[in-house]
1. With the full set of protein chains in place, find how many percent of the accessible area of region 206-341 is carbon and sulfur; take the probe as 1.4 Å.
2. Tell me, what ³J(HN,Hα) does each residue in region 242-248 have, in order and in whole Hz, if you take phi through Karplus 6.51 cos²θ - 1.76 cosθ + 1.60 with θ = phi - 60° and put x for Gly and Pro?
3. What is the antiparallel percent of DSSP beta bridges lying wholly in the chain, to the nearest 5?
4. Near the amide H of Val240, under 5 Å away, which other amide H atoms are found, from residues 5 or more places off or on another chain, if H is placed in the peptide plane?
5. Divide the volume of the convex hull of the Cα atoms of the chain by its number of residues and quote the answer in cubic angstrom per residue.
6. Rounded, prolate or oblate, given the Cα gyration tensor of region 3-266, with a/c below 1.5 counting as rounded?
7. Let's see if you can work this out: charge +1 on each Lys and Arg Cβ, -1 on each Asp and Glu Cβ, no other charges. What is the dipole magnitude of region 420-511 about its Cα centre, in debye to the nearest 20?
8. In whole Hz, what ³J(HN,Hα) sequence does region 285-297 give by Karplus (6.51, -1.76, 1.60; θ = phi - 60°), x for Gly and Pro?
Amino acid sequence: MSYYLGIDSSTQSLKGLVIECDAGKIAAQAAVNFSTDLPQFNCPDGVLHINDPLIKHSDPMLWVAALELMLERLQASGFDLGLIAAIGGAGQQHGSVYLNQRFARTLATLDQSRPLSVQLRSTLARPTSPIWMDSSTTAECRELDKQFGKRLQEDTGSPAIERFTGPQIRKFHKQRPELYEQTARIHLVSSFLCSVLIGEDAPIDSGDGAGMNLLNLRTMDWDPEIAEFIAPGLAAKLAVVGAGVAGGLSPYFTKYGLKAGIPVAVWTGDNPASLVGTGAWRSGMAVVSLGTSDTFFAALDKFSTDPDGYGHVFGNPAGGFMSLACFKNGSLARDRVRREAGVGWAFFDQEAFARTLPGNGGQLALPWFEAEITPPVLRPGVRANFDFNTAAPSVQVRAVVEAQALALRSHALWIGSFDTIRVTGGASRSPGIRQTLANVFQARVESIAVADSAALGGAMIAAHCDGVSLESLTAQFTPIGEVCEPDPAYAVTYQELLPAIQELERAEPMK
Ligand code: XUL
């Protein structure tokens with residue numbers, strides 16, 4: 001029997017999941033919630049409190065503390081971590097960690113008697129990490145546009161985007177040149193945690209690296225001209241681009257019963273890992289992930305970019321490329337609508353969808369409590385084409401869920417049209433939300449048995465590095481769960497609502 005550990009360090013939590021190959025079973029799992037389990041890091045929902053609503057940073061020591069707590073919990077669950085043959089993982093995309101010259105030496109000499117978060121704190125050249133929710137780099141994006149024009153999208157897969165790491169690094173260099181000088185290495189969340197596991201600098205994979213506006217997808221290496229424009233000397237501060245095995249597990253982790261030296265696969269971004277973990281790494285089916293962010297992605301047959309300039313192309317960890325559209329106001333927005341309507345999650349399915357009809361009489365509401373990413377709108381506020389505040393909770397819920405689904409459809413048109421969509425993430429557990437997606441997209445919506453597709457993808461990538469074929473892993477671990485068939489009676493209803501959602505995206509926020 002071979003066991004593989006997959007880890008997903010996402011926005012609000014860190015999860016670990018052990019797969020048992022051959023048996024096709026999940027052997028163990030553990031999770032750490034940043035708000036409730038590690039409140040001492042002051043990052044509720046994974047974000048530090050900063051007054052400027054466009055700035056979103058996190059404490060990178062939160063992620064290493066969560067990694068240790070997850071391993072402690074996994075060990076306490078009774079599973080023998082000594083059986084694990086390889087480790088893989090994924091991180092929230094775009095977030096960056098700035099390390100000084102002490103990082104390499106500290107990693108090589110970790111002391112098992114002291115927590116990682118204490119030992120690594122002094123290796124940070126920048127105390128906090130900008131994460132994907134940050135929208136504060138519009139000036140730097142415009143500078144990149146001016147310098148490189150269309151080439152940026154044609155070569156890196158995306159135009160300049162606020163949350164992408166390149167514009168974030170440029171802003172850091174402009175605002176804190178002395179701290180930039182002290183930075184010896186810049187990692188993504190994924191490559192940072194992978195480095196901690198192997199005790200030395202890990203590569204950045206093309207799935208996550210393509211979320212930086214820095215990786216040339218034609219050469220699969222950092223673009224020297226773009227790197228130098230972003231900040232002087234940047235290329236030397238970036239880890240190498242790579243795939244496969246990053247290195248052997250650091251002896252530090254034997255304290256959790258893991259074996260030193262087992263292979264650790266190069267980590268990737270949470271969305272590319274989910275592409276693998278949902279079994280959608282081969283072209284033909286799309287994935288909707290309903291997490292902190294809502295994302296729509298699919299493997300790409302050939303390199304093509306979004307003509308509207310909102311979507312992205314990343315490397316596919318299984319080879320080739322993937323497309324992605326990302327919406328910032330996902331689960332936290334749904335939760336806020338739920339709280340403000342004074343209802344529980346059961347209300348979404350048992351009441352809201354039963355009491356209202358598909359199409360909601362044309363009433364739509366985009367819950368943009370935070371600046372939105374797709375389309376890029378910096379002024380937060382709910383956009384509704386009816387009197388949202390006085391409407392019944394069931395009407396509010398349907399208006400929000402349908403608007404989110406229509407926005408996904410509208411901005412995923414460039415990716416292609418799909419008969420089958422695999423759905424993952426917390427909100428995919430709601431049958432009402434799944435049926436809405438099926439009707440809006442007029443596609444069959446399949447959920448998979450494992451809810452955390454990013455951690456599963458990490459475990460599958462680890463097994464693949466150890467010689468197991470992705471085909472057999474996919475057959476074993478991504479069986480279809482529930483299926484929602486589209487109701488053709490609503491095809492016209494939603495087709496006709498597409499212009500309405502596009503108009504609503506241009507509207508002013510409600511008072
Ligand atoms: C993708 C994106 C988000 C994060 C969330 O481009 O920004 O989906 O990866 O973890």
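1. Details: 2150 of 4220 Å².
Carbon and sulfur together cover 51 percent of it.
2. With the stated coefficients, region 242-248 comes to x, 8, x, 7, 7, x, x Hz.
3. On the way: 49 of 69 bridges.
In the chain, approximately 70 percent of DSSP beta bridges are antiparallel ones.
4. For Val240, the qualifying residues are Ile204.
5. Numbers: hull volume 68.1 nm³, N = 511.
Convex hull volume per residue, Cα atoms: 133 Å³.
6. Working: a/c = 1.81, a/b = 1.59, b/c = 1.14.
Cα axes put region 3-266 in the prolate bin.
7. Working: 6 positive and 11 negative charges, 31 e Å.
Roughly 140 debye for region 420-511.
8. 9, 9, 10, 10, 10, 9, x, 3, 9, 9, 10, 10, 8
The values are calculated or read from the model by the stated rules, or taken from the named source; none is laboratory data. Computed from a prediction, not measured in an experiment: that's the story for all the values here. Please note: Cβ atoms are built from the backbone with ideal geometry, for glycine as well, and neighbour counts cover all protein chains shown. Side chains are part of the model used for accessible areas, which takes the heavy atoms of the whole protein and leaves out ligands, DNA and RNA. Shrake-Rupley method; radii C 1.70, N 1.55, O 1.52, S 1.80 Å.
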